[in-house]
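Below you'll find the structure, written out as structure tokens, and then a few comments.
The values are calculated or read from the model by the stated rules, or taken from the named source; none is laboratory data. Small disclaimer: the values here were computed from a predicted structure and weren't measured. Cβ: placed from backbone, ideal geometry, glycine included. Neighbour counts: every protein chain shown.
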Amino acid sequence: MSLDNIIEEAGIQHVLEDNKTARLVINKNKVLNKNTVPGLLVDTEEMEDGVKIDITLEDNIIIPEPVHLCFGITHKKARQLIRLTLKMGRNSSMSVYSHCVFPFAQDIIHEMDGTVKIGQNSRYSYFEKHIHGEEGSIRIVPKMTVNLDEKSRYKSEFELKRGRAGIIDMDYEVFCKDYSIMDVSSKISCKSDDKINIKETGHLIGKYSRGALVSRIAVRDKSAASIFNKLVATAEYARGHIDCKEIIKDNATASAIPIVEVSNQKAHITHEASIGSVDAKELQTLMSRGLDEDGATELIIEGLLK
């Protein structure tokens, strides 16, 4: 599979045609395409089994168009390790769209080991979309540590709706200083014998810091999902919420462990978790409009992951 095929799978053909759009395209351990814009520095180093990436956004830089990252493996069997370091200066803003494409996976391991530092009064948004094949012999291991300076904002979305999830072991940890905001969410569809383990922890260590951990998971067949979300508030007027919803179908299993830890009397954290089959009333309503039970269930699941 060539560069063009990877871009087509990700649906970002237009990106290669725009020299004003920052981008980085990687297949296994090879950098296939790279473009930067003023104020954004991207250094890459090819390793035996992956790529080391250092990204720096300078002070007072606003990038209006999304930065595109595309991590692909066109081999059937391979390991890809991405070592990512991202540093943002003060009063800057950037959005990143990351596409992870593994269409022919038969024995694939994709690992992300990332460190993100967001400068004072800066904003960083990261959307990660996975596109997998139907074999299911794939393991995704993303690990990310994020540090927010005062008045900074961080938003992260992980999405996997297409193909087999395989095995996912996710570990995100975020630290928030004064007046900073974190928003971490995941939307994953599982089937067959897929296995999902999500661990997300937010530390509200700054006064008036805010945080949200949101999970939307659908498990079918014999798949299994385990969600561990934790918010720790140690500063005055810190506010946070955990929200986990899982729909199960067939012989699938799901678990959710929301943990809130508060050590300041002026902080406040809430949580909610729900696990079960689709809502009976929603199901009956859709079936009354001509859908069979499976079709109605899938439509409800699609709405959950939207």
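Of all residues in the range 166-193, those being modelled with pLDDT under 95, buried (at least 19 other Cβ atoms within 10 Å of the Cβ) and outside any strand (DSSP E or B) number 2. Among the residues of the range 87-115, just one is of a type in the set (D, E, K, R), farther than 18 Å from ASP169 by Cβ and surrounded by fewer than 17 Cβ atoms within 10 Å (Cβ to Cβ), namely LYS87.
Kindly indicate whether LYS199 is part of a strand (DSSP E or B) and at pLDDT 95 or above. For LYS199, the condition - part of a strand (DSSP E or B) and at pLDDT 95 or above - is met.
Is the range 158-178 home to any residue that is of a type outside the set (D, E, K, R), within 22 Å of ILE247 (Cβ to Cβ) and in contact with a helix residue (DSSP H, G or I) (Cβ under 8 Å, 6 or more places away or on another chain)? No, the range 158-178 contains no residue that is of a type outside the set (D, E, K, R), within 22 Å of ILE247 (Cβ to Cβ) and in contact with a helix residue (DSSP H, G or I) (Cβ under 8 Å, 6 or more places away or on another chain). Of the listed requirements (1) of a type in the set (Ser, Thr, Tyr); (2) touching a Gly at 6+ places or on another chain (Cβ under 7 Å); (3) crowded, with 19+ Cβ neighbours inside 10 Å, TYR154 misses just one: (2). I'm checking my understanding of the structure. Among residues of the range 226-246 that are of a type outside the set (S, T, N, Q) and in contact with an Asp or Glu (Cβ under 6 Å, 6 or more places away or on another chain), which one is surrounded by the fewest Cβ atoms within 10 Å (Cβ to Cβ)? So, considering only residues that are of a type outside the set (S, T, N, Q) and in contact with an Asp or Glu (Cβ under 6 Å, 6 or more places away or on another chain), the one surrounded by the fewest Cβ atoms within 10 Å (Cβ to Cβ) is ASP243. Show the residue pairs that are 6+ apart or on different chains and have beta-carbon atoms under 7 Å apart, the first residue being within the range 9-23 and farther than 11 Å from HIS68 by Cβ, the second being modelled with pLDDT of 75 or more. Listed pairs, sorted by first residue: GLU9/VAL101; GLU9/PRO103; GLU9/ILE131; ASN19/ASN35; LYS20/VAL37; LYS20/GLU65.
Against the conditions (1) under 23 Å from the mean Cα position of the chain (by Cα); (2) assigned to a helix (DSSP H, G or I); (3) free of Cβ contacts under 8 Å to residues at least 40 places away in the same chain, ASP243 satisfies every one except (2).
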